[in-house]
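J.: Provided herewith is a single structure, encoded as structure tokens, for subsequent inquiry.
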Amino acid sequence: MAYVGRLIVAALFATAASCVVGGPVEVYLDGPEHCPHDRPAAAARITQAQAIARTAELLPEGYCGPTLFVTGCDFDAENEYDSWRIYVRQYQVRNGTRDHGGLLHTYLVLDAVGNCLAHIPGTLLGATH
């Protein structure tokens, strides 16, 4: 009986391990079109409004709509550790409110002058990794 119990425990661990490995993988967008480093380090520091505008420039064309499913985007910016972190969420206006359900999001990190440090898209619906 103890042998069967050990087999069941081993099977449960194997199943749990395969679920962890099969989960979503964080992907970074890189390259000059997605995450440019084109500003000199001695350039003027950017403001929150400029960080949001820079982020909007780096989003794929049409990301914030308007489309059949996307009315616009919300930009949530914070300045921490001498960098700008901007969280962008698509929304659709439904019944007079912004509904983010089932839509995409992305996260950009910019240095103090607006160079992209990281462009991290959210997991796409139906993604296998």
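J.: Just checking, which of 74, 82, 99 is in contact with a Lys or Arg (Cβ under 7 Å, 6 or more places away or on another chain), among the charged types (D, E, K, R) and free of Cβ contacts under 8 Å to residues at least 40 places away in the same chain?
T.: 74
J.: What pairs can you find where one residue is in segment 50-65 and more than 13 Å from residue 84 (Cα to Cα) and modelled with pLDDT of 95 or more, the other is in a helix (DSSP H, G or I) and not polar (S, T, N, Q), and their Cβ atoms are less than 8 Å apart, with a gap of 6+ or different chains?
T.: 64/56
J.: How many residues does segment 64-97 contain that are in a strand (DSSP E or B) and closer than 19 Å to residue 112 by Cβ?
T.: 11
J.: Here's something else I'd like to know. Hey, among the residues in segment 87-105 that are out of contact with any Phe, Trp or Tyr (no Cβ under 8 Å at 6 or more places or on another chain) and polar (S, T, N, Q), which one's surrounded by the most Cβ atoms within 10 Å (Cβ to Cβ)?
T.: 97
J.: Filter segment 66-116 down to the residues that are on the phi > 0 side of the Ramachandran plot and of a type outside the set (Gly, Ala, Ser), then identify the one that is farthest from the chain's Cα centre (by Cα).
T.: Per the stated criteria, the residue is 95.
J.: Using the structure shown, decide if residue 36 is at pLDDT 85 or above and not acidic (Asp, Glu).
T.: It is true that residue 36 is at pLDDT 85 or above and not acidic (Asp, Glu).
The values are calculated or read from the model by the stated rules, or taken from the named source; none is laboratory data. Since the model is a prediction, treat every value here as computed from it, not as a measurement. Every residue, glycine among them, receives a Cβ derived from its backbone with ideal geometry; neighbour counts consider all protein chains shown.
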